[in-house]
């Protein structure tokens, strides 16, 4: 049972345009959401996060939007650059209780930014 | 570089052999996590340490797997009697904040 879903395996955009990556979740216990970027042969790199008490968080070219009622979040990258080409993972936390803030990941979306 | 390090980066072993991986977290981080990633999937949680205490293990962690974090610093993950289904990328992450975790480069295990 996939609790975090990224339904688009891949996305291709032109340099300078906006990239929008989507993520849906099913577990109402999740209260914190994160995006990670992963290059081949490297571990995931933390990008940006959002608490469930907010609906938007912005960091430079990256903005994450959270729609709690729809159990949906999205990552916007503006403007997209060729160096942004990577696999992007959506992750969620907060369902374990205690001090374990384990992450539940989606399957990832491969973003390709074309020059 | 004071990020999370993992050794070895690659390991090829024959079925039935034992393997051990090491993770060195960011020095001031008290939380340490192990994840496993297979092709086409996101990382999946295996186990969690707070300081030296192993506080949670996933049902994915069969009795052939054991993890330790002596003295609350580096951690090891051992797989006994490896099977071909154990082939995966094993990722370690550490954290001092509540949620944000910082990952190492991973150890890619291939069981032949």
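The values are calculated or read from the model by the stated rules, or taken from the named source; none is laboratory data. None of these values were measured; they are calculated from a predicted model. Cβ sites come from the backbone with ideal geometry, for glycine too, and all protein chains shown count toward neighbours.
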*Taking residue B:84 as meeting all but one of (1) more than 10 Å from chain A (Cβ to nearest Cβ); (2) surrounded by 15 or more Cβ atoms within 10 Å (Cβ to Cβ); (3) in contact (Cβ under 8 Å) with a residue 24 or more places away in the chain, write down the number of the exception.*
(2)
*When the residues of the range B:91-108 are filtered to those that are closer than 17 Å to residue B:10 by Cα and buried (at least 21 other Cβ atoms within 10 Å of the Cβ), which remaining residue is farthest from the other protein chains (Cβ to nearest Cβ)?*
B:107
*asked:* touching a strand residue (DSSP E or B) at 6+ places or on another chain (Cβ under 6 Å), in contact (Cβ under 8 Å) with a residue 12 or more places away in the chain, surrounded by 14 or more Cβ atoms within 10 Å (Cβ to Cβ) and within 14 Å of chain A (Cβ to nearest Cβ): is that true of residue B:58 in this structure?
replied: yes
*Out of A:112, A:63, sole residue that is at pLDDT 95 or above, part of a strand (DSSP E or B), away from chain B (no Cβ under 14 Å) and closer than 30 Å to residue B:108 by Cβ*: A:112
*Only one residue in B:21, B:65, B:45 is surrounded by 15 or more Cβ atoms within 10 Å (Cβ to Cβ) and within 11 Å of chain A (Cβ to nearest Cβ). Which one?*
B:45
_Being over 21 Å from residue A:43 (Cβ atoms), in a loop (DSSP other than H, G, I, E, B) and at the interface with another protein chain (Cβ under 7 Å from one of its Cβ atoms) is true for just one of A:99, A:80. Which residue is that?_
A:99
_Step by step: first the residues of the range B:50-72, then only those that are touching a helix residue (DSSP H, G or I) at 6+ places or on another chain (Cβ under 9 Å) and part of a strand (DSSP E or B), then the one that is farthest from residue A:102 (Cα to Cα). Which residue is that?_
B:65
*Check every one of the strands (runs of 3 or more DSSP E) wholly within the range A:14-56 and list those with 3 or more residues that are more than 11 Å from chain B (Cβ to nearest Cβ), surrounded by 14 or more Cβ atoms within 10 Å (Cβ to Cβ) and touching a strand residue (DSSP E or B) at 6+ places or on another chain (Cβ under 9 Å).*
A:19-25
